[in-house]
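A.B. asks: Below: one structure in structure tokens.
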Amino acid sequence: MQEILGVPAPLLFGQLLIGLINGSFYALLSLGLAVIFGVLNVINFAHGALYMMGAFVAWLLLHHLGIGYWPSLLVAPLIVGVFGIVIERTMLSRLYDLDHLYGLLLTFGLALIIEGTFINFYGVSGQPYAPPEILTGGHNLGFMFLPTYRAWVIVASLIVCIGTWLLVERTRLGAYLRAAVENRELVRAFGINVPLMMTLTYGFAVALAAFAGVLAAPVYTVSPIMGQHLIIVVFAIVVIGGLGSILGSILTGLGIGIVEGLTKTFYPEASSTVVFVIMAIVLILRPNGLFGRPRE
Amino acid sequence: MTDTTSNVELSDDTFRRHRLAGYLIAAIGIAALAVAPFLGIYPIFLMKLLCFALFACAFNLMLGYVGLLSFGHAAFFGMAAYVAGHAVKVWGIGTVFGIAAGTLTAGIMGLVFGAIAIRQKGIYFAMITLALAQMVFFFCLQAPFTHGEDGIQGIPRGTVFGLIDLRDTLTMYYFVAVIFAAGFFVLHRTVHSPFGQALKGIRENEPRMISLGYPVALLKVLAFTMSAAITGLAGATKAIVFQSATLTDVNWHMSGEVVLMTLIGGMGTILGPVAGAGIVIALQNYLSTIGSWVTVVMGAIFVICVLTFRRGIVGEILARTRR
């Protein structure tokens, strides 16, 4: 068997693949956090809980209504997105004039409510969710075995990430968004409905988290605590990348996923802490993050 | 000119009155601590309350007086509990030195974490402290001396220098009460010292403090170290009281709980965190029958506090009486 640095090649590539998959979820979630923070000035602590909710809605749709994976991929993010819009309209929008910390505290409370509710009904053990027929099986690439579903996860999340990036950077709507990030009042003075834009931004970013959740459902088991640890890792990723750029958060997300995969191969004990160590080092060398701009 | 003088006299007078009120509150507080176990409240409950009240007060030093929200204080609380538990149970160095070891460990961690985290402000500071604390959680999950999921159990309460036996619950209560009073007094003195005033200055206007020549970064790290050390004191004491140290103490839910206590009681007030800790602990006690719905209730209180009650109980009372 072929070896790379004393590690069997299939093992190394297998871990790299897992790293890439985790990285895709990190990218989708940190992208959403970056967009929300840019437009609403809120760090959404509930992002992990909403990701979990996306997976759970897909599971519930399948078990109670018989709605399968493909419709769920669209319907679950839509449902969670509407839920997000309700949160933004009824609660978050009251906090925009206050210290940013209140937004964090409010969404922390929401995360507790959402996760606690699901734990009460479904317990902390996971529910299995089978991938659709067409995506089962895999391909032998010669140097490793590639399960089809995992390849699909990476491709799908990359498409969504790049799509979002193009939407923000290359369209008129995106230009309004970026303008609102710079100066909300001025954009409003031009007759653009900024509050509506903020509501839709939150709904969209939350739907992205739910989309990641549905993608994740067949990979991991669907459990009420699946987003708890993830959100903290994503926070660290956001600190590493800096909240300045969308492309930055996508690249950092994927990069950290790969680094975690490598750590799991060569030094497994550190695989769950390596992201936090990287965060500390980045903070010492580049306090504003790899892609961040100095802020006020 | 006369106006200024009378103003000074007036503030001098209010100062004296405040001081008198302060002594009065201190005397009532000490008396309350002394008689509380005879009022039909379980001493174990009281000890838990005092540990968490001290925890919340130490946390409030950062949030209320420096204006930095740490979402990782459970790391100091839990780690100090582990160190104290291990030192007392395995090394057998005695209760007092065990608690001191826990406090010292938390202080050193605070120094390191503080030095890293103060490189960013506001919301980033919260995320960084949360991430660093999660790192400590994984360390505690994997390190052999913490015994992973089981935690350290059966920590002996021991004696105070071989003189006072702490196995008696009432004696233990007074030991905890003394620790609480000492920690509270240190925090109180800190807040009202020139150092504390400089911290408030940083909270109100950081660029101005920098231009006035204050070593702002150093002051922040010192405050964080102190907050962490006293948090450690609370955590180590809790480990002795309950004779166990577990992963619950280092989990991020614990960091959230202390934020909630401070928020309910009123951040930036001396007595707010104590009141907040009392409410949260009492609530958990009464709601323990509904199991995991407690998390939902806590979340709901968080949301309600942030939306409608941002000054907290003590903050609200102060705001009304001062008007």
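The values are calculated or read from the model by the stated rules, or taken from the named source; none is laboratory data. What you are looking at is a predicted structure, and each value in this text was computed from that prediction instead of being measured. Cβ atoms come from the backbone with ideal geometry, glycine included; neighbour counts cover every protein chain shown.
A.B. asks: From the list A:I79, A:I114, A:I119, exactly one residue is under 30 Å from B:K121 (Cα atoms) and assigned to a helix (DSSP H, G or I). Which is it?
C.D. replies: Values: A:I79 fails: under 30 Å from B:K121 (Cα atoms); A:I119 fails: under 30 Å from B:K121 (Cα atoms).
Criteria check complete, one pass: A:I114.
A.B. asks: Next up: For region A:181-200, how many residues meet the condition of being under 30 Å from A:I114 (Cα atoms) and surrounded by 15 or more Cβ atoms within 10 Å (Cβ to Cβ)?
C.D. replies: Summing the residues that are under 30 Å from A:I114 (Cα atoms) and surrounded by 15 or more Cβ atoms within 10 Å (Cβ to Cβ) in region A:181-200 gives 6.
A.B. asks: Same structure again: Checking B:L271 against (1) under 18 Å from B:V186 (Cβ atoms); (2) modelled with pLDDT of 90 or more; (3) surrounded by fewer than 24 Cβ atoms within 10 Å (Cβ to Cβ), only one condition comes out false. Which one?
C.D. replies: (2)
A.B. asks: Here's another thing I want to ask about it. From B:G110, B:G114, B:G154, which residue is touching a Lys or Arg at 6+ places or on another chain (Cβ under 9 Å) and part of a helix (DSSP H, G or I)? Walk me through how you get there before you give the answer.
C.D. replies: Numbers: B:G110 fails: touching a Lys or Arg at 6+ places or on another chain (Cβ under 9 Å); B:G154 fails: part of a helix (DSSP H, G or I).
Exactly one residue qualifies, and that residue is B:G114.
A.B. asks: Considering only region A:1-57, state which residues are within 24 Å of A:L106 (Cα to Cα) and of a type in the set (S, T, N, Q).
C.D. replies: A:S30, A:N41, A:N44
A.B. asks: Quick one: in region B:117-136, which of the residues that are without any contact (Cβ under 8 Å) to a residue 40 or more places away in the chain and not in a helix (DSSP H, G or I) is farthest from the other protein chains (Cβ to nearest Cβ)?
C.D. replies: B:Q120
A.B. asks: Does A:G242 fit the bill of being among the small types (G, A, S), more than 16 Å from A:L230 (Cβ to Cβ) and either at the interface with another protein chain (Cβ under 10 Å from one of its Cβ atoms) or surrounded by 21 or more Cβ atoms within 10 Å (Cβ to Cβ) (or both)? Walk me through it before giving the result.
C.D. replies: Working: among the small types (G, A, S): yes; more than 16 Å from A:L230 (Cβ to Cβ): yes; either at the interface with another protein chain (Cβ under 10 Å from one of its Cβ atoms) or surrounded by 21 or more Cβ atoms within 10 Å (Cβ to Cβ) (or both): yes.
Yes; evaluated as a whole, the condition is true for this residue.
A.B. asks: Let me ask another. Of everything in region B:270-321, what is at the interface with chain A (Cβ under 8 Å from one of its Cβ atoms), under 28 Å from B:F180 (Cα atoms) and not in a helix (DSSP H, G or I)? Give them in sequence order.
C.D. replies: If the condition is that a residue be at the interface with chain A (Cβ under 8 Å from one of its Cβ atoms), under 28 Å from B:F180 (Cα atoms) and not in a helix (DSSP H, G or I), then B:R310 is the only one that fits.
A.B. asks: Can you tell which of B:A177, B:A181, B:A133, B:A143 is at pLDDT below 90 and not basic (K, R)? Steps first, answer last, please.
C.D. replies: Details: B:A177 fails: at pLDDT below 90; B:A181 fails: at pLDDT below 90; B:A133 fails: at pLDDT below 90.
Answer to the selection: B:A143.
A.B. asks: Could you list, ordered by first residue, the pairs with Cβ atoms under 9 Å in which the first is in region A:86-101 and within 9 Å of chain B (Cβ to nearest Cβ) and the second is in a loop (DSSP other than H, G, I, E, B) and small (G, A, S), at least 6 apart or interchain?
C.D. replies: As it stands, the answer is A:D99/B:G67; A:L101/B:G67, since those pairs meet every condition given.
A.B. asks: Continuing with the same structure: Kindly list the number of the only condition in (1) at pLDDT 95 or above; (2) out of contact with any helix residue (DSSP H, G or I) (no Cβ under 7 Å at 6 or more places or on another chain) that fails for B:S227.
C.D. replies: (2)
Table: residues versus (1) under 30 Å from A:I4 (Cα atoms); (2) buried (at least 19 other Cβ atoms within 10 Å of the Cβ).
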site: A:Y202; (1), (2): no, yes
site: A:L215; (1), (2): no, yes
site: A:M226; (1), (2): no, yes
site: A:V238; (1), (2): no, yes
site: A:V259; (1), (2): yes, no
site: A:S272; (1), (2): yes, yes
site: A:I278; (1), (2): yes, yes
site: A:V282; (1), (2): yes, yes
site: A:R286; (1), (2): no, no
